[in-house]
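The values are calculated or read from the model by the stated rules, or taken from the named source; none is laboratory data. Bear in mind that the values here come from a model prediction, so they are computed numbers and not experimental data. Here the Cβ is made from the backbone with ideal geometry for all residues, glycine too, and neighbour counts use every protein chain on show.
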Amino acid sequence: MIAKLDSAPLGTPVRIARIDWQLLSHDEGRRLREFGLMEGVEITPLHRGSLFSREPLALVVGRMQVIIRGKQAAAIEIEAIAAAA
Amino acid sequence: MTGAIPTIALAGNPNAGKSSLFNALTGARQKIANYPGVTVERKAGHASFADGRPLSLIDLPGSYSLTPSSPDEAVTRDVVLGQQAGQKRPDALVIVLDAANLDNHLCFALELIALGLPTVVALNMLDLAERDGLTLDPERLAGELGVPVVPTVAVRRRGLSELLAALDHEILVHQLETHAHPAPPPTDVALHRRARAIARAATLSETPVRRWTQRVDAVFLHPVAGFLILLALMFVMFQAVYAAAEAPADLLESGIGVLQQWVVGAMPDTVLRGLIVEGLLAGVGAVVVFLPQILILFLFILLLEASGYMTRAAFLMDGLMAKVGLSGRGFIPLLSSFACAVPGIMATRAIPDAKDRLTTILIAPLMTCSARLPVYALIIAAFIPDHAVGGSPVGLQGLVLFGLYVSGIVGALVVAFVLRRTVARGNSASFMMEMPRYQMPRLNDIAIGLWQRAWIFLRRAGTIIAITTVILWALLSFPQAPADGEMRQVDYSIAGRIASGLEVVVKPIGFNHDIALALIPAMAAREVAVSALATANAIDAGDDEEEISQSLGERLQGRWSIATALAFLAWFVFAPQCISTIAITRRETNGWKWPMFMVGYLFLLAYAAAGITYWTAVAFGLG
């Protein structure tokens, strides 16, 4: 099943199935790759938003935690790790 | 080796521990200035090899790649490529890697190594990586990268001499070799694959550790609890500024009083004595008294930054800031602006989007900077009763101070909202940031930071504030009022007459002659308002021992209504009275358009806020 990262449940590791680069600006795409967010990479969404909004999203990629906004998360399609294996 | 001192640049990703390594290598022997033409801070310092030969070190802004996405990342690229004006190309590079984050940090490292400069990798924060259950093989890593790798723990000063020895060797070898042209840079995806492969090869074992930091973050980043903790932290910070600084500030104040009385006793009654007692000591002293408060505020900010909490705060604030068209990234410059808008505005260079950055610059002066503290502290101490609110441990004075800070913040959010829909319209800002791990702040790094802030403040007190105070003293002392006592000297003098002109404009918002007089020199810096009031009152008191011994606050109490005092506070929430801020805004925005806009809108807001406060207070019978 394919889902978007911006609506992924927190705390469950998932794999990036596809990134729709068309939805992102050149700089946004590059920064995502600099963070190591690429197709096939395992990530775990951890925290989302505060009192005021459901953004941004903090996620673990490798040994790093990064913060992105909902707009970037919406361009990232994820799949369950068990399904891909 | 020629006689020239080699220049070595420290480069690496943000949060790799570069600054700690830089501090460990240079100690206090460092100098912060700007690169010419840009406002990116250039941190330079000196160190020496084991045999005593000196070397010069520069700490480059943290970067993810050689393709910059913000002005400070552009400086990093330009320096390592030898294209930065005013900075010769470094003779060697130290690439600082976070040992616990190899797969990511290696991408930039590979780009830097491909440049072909003599290079040594500092595998930093190895202790934290081990804490996280990671065992690395530095030799294997060196083999893969083709450059020496030295394990370091900068904060414990481990690996420093080995690092310098490896550098020395690399520079020497480099001079003896002939070099092939550097390889063309690979594409970023290929770079990442290679980085991950190398990281895997250099990792001996990796135990998945349930990190305690994740449990901490479950609370600190909780949508409700985390936000309340942030609010509580800020509240404690401002209460501490008020409470903890009281004793040292009192000590400084009485010290200055003793000094004044000593000079009065020791010198004949001349113009020079007047200049020293009423001008310099009263004026500069009134500002120096606030050093403890400013240091406490900076202490909190430095601790929040060094511990890694600041990025959490940015995360929590992003949702709110997005609503007014800003990003959480803007929170860090804005929080720094609570100490001083100048470093705050300079810190906006990390914001990638131009309109987001411009808006953040324009609202930075609304954050209550430390220069406003002297003004607030004086007026609050004099006019707000010192008792607890409803039996709680919260003091009314601290609460009013907190309220002033909140007014500035709310004002800033409203202004940002309007600006982003009018003059600074643009793409919605993005917010992509790495979240650093929590770390115990190092005493040494905090001490260096505090010392630099204290020095900047005292230098300001010694220059801008001393000069404006002396000029004001002269304008206040001449011409001498006739001895018949019909007119007070303060009203009769040149400054008094200028103030009388200005008073016409500010009278409707409740300002009196004292305030009109203080506002003019306070254009140089806000805290001068306090020294101006002090100087004017000192001249008014003359040599009367009893009046000299009275504090400035006590004297103001007798002369101002509460409504006037509150209006004065409201004025300073908004007023753009700081030449340094205007100058830095001009430099950051490349022209006079935006600083002029900033000054204009802030004066309008200040006038309106003071007026509304005054009229409301009068309506409640406080006039």
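Some points to look at:
- Scanning the range B:405-448 for residues that are without any contact (Cβ under 8 Å) to a residue 12 or more places away in the chain and basic (Lys, Arg) yields nothing.
- Residue in the range B:553-576 that is at pLDDT below 80 and assigned to a helix (DSSP H, G or I) present: no
- Any chance B:Ser370 is in contact (Cβ under 8 Å) with a residue 12 or more places away in the chain and in a loop (DSSP other than H, G, I, E, B): yes
- Filter result for B:Val189 (at pLDDT 75 or above and part of a helix (DSSP H, G or I)): no
- Every residue from the range B:423-456 that is in a loop (DSSP other than H, G, I, E, B), farther than 30 Å from B:Trp594 by Cα and of a type outside the set (D, E, K, R): B:Pro436, B:Tyr438, B:Gln439, B:Met440, B:Pro441
- Exclusive hit being more than 12 Å from chain B (Cβ to nearest Cβ), over 22 Å from B:Asp132 (Cβ atoms) and not aliphatic (A, V, I, L, M), set A:Glu77, A:Glu39: A:Glu77
- Residues in the range B:283-320 that are touching a residue at least 40 places away in the same chain (Cβ under 8 Å) and within 14 Å of chain A (Cβ to nearest Cβ): B:Gly308, B:Tyr309, B:Thr311, B:Arg312, B:Ala313, B:Ala314, B:Phe315, B:Leu316, B:Met317, B:Asp318, B:Leu320.
- Extreme residue, surrounded by the most Cβ atoms within 10 Å (Cβ to Cβ), among residues of the range B:248-307 that are under 22 Å from the mean Cα position of the chain (by Cα) and of a type in the set (S, T, N, Q): B:Gln293
- With respect to (1) under 30 Å from B:Leu396 (Cα atoms); (2) small (Gly, Ala, Ser); (3) in contact with a strand residue (DSSP E or B) (Cβ under 7 Å, 6 or more places away or on another chain); (4) at pLDDT below 85, the lone exception for B:Ser205 is condition (1).
- Helices (runs of 4 or more DSSP H) within the range B:253-318 that include 2 or more residues closer than 30 Å to B:Leu231 by Cβ and in contact with a Pro (Cβ under 9 Å, 6 or more places away or on another chain): B:291-307
- Residue under evaluation B:Ala240, criteria (1) over 24 Å from the mean Cα position of the chain (by Cα); (2) of a type in the set (A, V, I, L, M); (3) more than 14 Å from chain A (Cβ to nearest Cβ), criterion not met: (1)
- Checklist (1) more than 16 Å from B:Phe417 (Cβ to Cβ); (2) away from chain A (no Cβ under 14 Å) applied to B:Leu334, failing item: (1)
- Criterion (within 21 Å of B:Asp318 (Cβ to Cβ), more than 8 Å from chain B (Cβ to nearest Cβ), crowded, with 17+ Cβ neighbours inside 10 Å and without any contact (Cβ under 8 Å) to a residue 60 or more places away in the chain) met by exactly one of A:Pro9, A:Pro45, A:Pro56: A:Pro45
- Hey, B:Met440 in contact with a strand residue (DSSP E or B) (Cβ under 6 Å, 6 or more places away or on another chain) and among the aliphatic types (A, V, I, L, M) or not: no
- Residues (crowded, with 16+ Cβ neighbours inside 10 Å, more than 14 Å from chain A (Cβ to nearest Cβ) and under 16 Å from B:Asp353 (Cβ atoms)) located in the range B:399-444: B:Ala416, B:Leu419, B:Arg420, B:Ala424
- Taking the criterion of being aromatic (Phe, Trp, Tyr) and either more than 19 Å from the chain's Cα centre (by Cα) or over 9 Å from B:Thr368 (Cα atoms) (or both), the residues of the range B:400-417 that qualify are B:Phe402, B:Phe417.
- Against the list (1) in contact with a helix residue (DSSP H, G or I) (Cβ under 6 Å, 6 or more places away or on another chain); (2) among the hydrophobic types (A, V, I, L, M, F, W, C); (3) more than 14 Å from every other protein chain (Cβ to nearest Cβ); (4) farther than 19 Å from B:Arg526 by Cβ, the condition B:Leu280 fails is (1).
- B:Arg459 passes every criterion in (1) assigned to a helix (DSSP H, G or I); (2) over 30 Å from B:Val271 (Cβ atoms); (3) of a type in the set (D, E, K, R) apart from (2).
- Verdict on B:Ile345 being of a type in the set (Val, Ile, Thr), farther than 22 Å from B:Arg586 by Cβ, under 10 Å from the mean Cα position of the chain (by Cα) and part of a helix (DSSP H, G or I): no
- Residue check for B:Trp455: in contact (Cβ under 8 Å) with a residue 60 or more places away in the chain, surrounded by fewer than 19 Cβ atoms within 10 Å (Cβ to Cβ), farther than 30 Å from B:Ala354 by Cα and of a type in the set (Phe, Trp, Tyr): no
- Selection over the range A:59-74 of residues that are within 7 Å of chain B (Cβ to nearest Cβ) and more than 15 Å from B:Asp318 (Cβ to Cβ) gives a count of 3.
- The set of residues in the range A:12-34 being of a type outside the set (A, V, I, L, M) and more than 7 Å from every other protein chain (Cβ to nearest Cβ) consists of A:Thr12, A:Pro13, A:Arg15, A:Arg18, A:Asp20, A:Trp21, A:Gln22, A:Ser25, A:His26, A:Gly29.
- Filter pass, A:Ile2 being surrounded by 16 or more Cβ atoms within 10 Å (Cβ to Cβ) and among the hydrophobic types (A, V, I, L, M, F, W, C): no
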